[in-house]
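Bear in mind that the values in this text are calculations on the coordinates, not laboratory data. This structure is a prediction, so every number in the text was calculated from the model and none was measured. No Cβ is skipped: glycine too gets one built from the backbone with ideal geometry, and neighbour counts run over all protein chains shown.
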Amino acid sequence: MAKTTLASYYQRGENIDYTNSTDETIPANAFVVVGSLAGVTGTEIPPHGVGSLHIEGVFSLPKKKSEKIEMGSVVVFKDDAVEKAGEEGTEAPIGIVIAEAAAEDETVLVKINTNAAKAAAASEAV
């Protein structure tokens, strides 16, 4: 007989609780990367307090200046801006671009935490 592991439902998962481990207040709508998980704060989170973190959806994020990013590109968050994932793979992918951003654009639309972004990054690392 197969081994069965029991699980109990906790929450839907579009938003999760996030603990601000810093001594600074994190403002609402701040972009946060924790390991390989990207999110946007849903509320202001006081130092060492708990608030919501949106981990699903499409967000307009600042992008690297002078870089054109095509729709479908896997992106990372580096130096406070989104940029195309590089071959060195030092940063975890945060998502996939859903609309092309011209070099002169200041922001880019990113669907965060997609399995496709993680899989694409893994296949590029091989």
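Excluding the sites themselves, what is the longest stretch of the chain that contains no chymotrypsin sites (Phe, Trp or Tyr not before Pro) in a DSSP loop with at most 16 other C-beta atoms within 10 Å? If you can, show how the numbers build up before the last one.
On the way: sites that count: Tyr9, Tyr10.
Longest site-free region, per DSSP loop and neighbour criteria: 11-126.
Report the longest stretch of the chain that contains none of the trypsin sites (Lys or Arg not before Pro) sitting in a DSSP loop with at most 10 other Cβ atoms within 10 Å.
For trypsin sites (Lys or Arg not before Pro) (loop position, at most 10 other Cβ atoms within 10 Å), the longest site-free span of the chain is 13-126.
Quote the charge dipole size of the chain about the Cα centre in Debye, to the nearest 20; the model charges only the Cβ of Lys and Arg (+1) and of Asp and Glu (-1).
Values: 10 positive and 19 negative charges, 111 e Å.
Charge dipole, the chain, about its Cα centre: 540 debye, nearest 20.
In the neighborhood of Gly39, defined by Cβ-to-Cβ distances under 14 Å, what is the net charge if each Lys or Arg adds +1 and each Asp or Glu adds -1? Spell out each step's value before the answer.
Working: positive: Lys111; negative: Glu14, Asp17, Glu56.
Result for the local shell: -2.
Express in whole angstrom the spacing between the alpha-carbon centres of segment 1-33 and segment 55-96.
22 Å
For n ≥ 4 DSSP H runs only, could you compute -39500 (n - 2.57) per run for the chain, divide by its residues and tell me the 222 nm figure to the nearest 500?
It comes out at -2500 deg cm²/dmol, rounded to the nearest 500.
Student exercise: in the chain, how many lysine pairs 8 or more apart or on different chains have Cα atoms under 15 Å apart?
The result is 10.
Would you grab the residues whose amide H sits under 5 Å from the one on Ile94? Only those 5+ places off in sequence or on another chain, please, with H modelled 1.01 Å from N.
Residues meeting the amide H criterion: Val75, Val76, Phe77.
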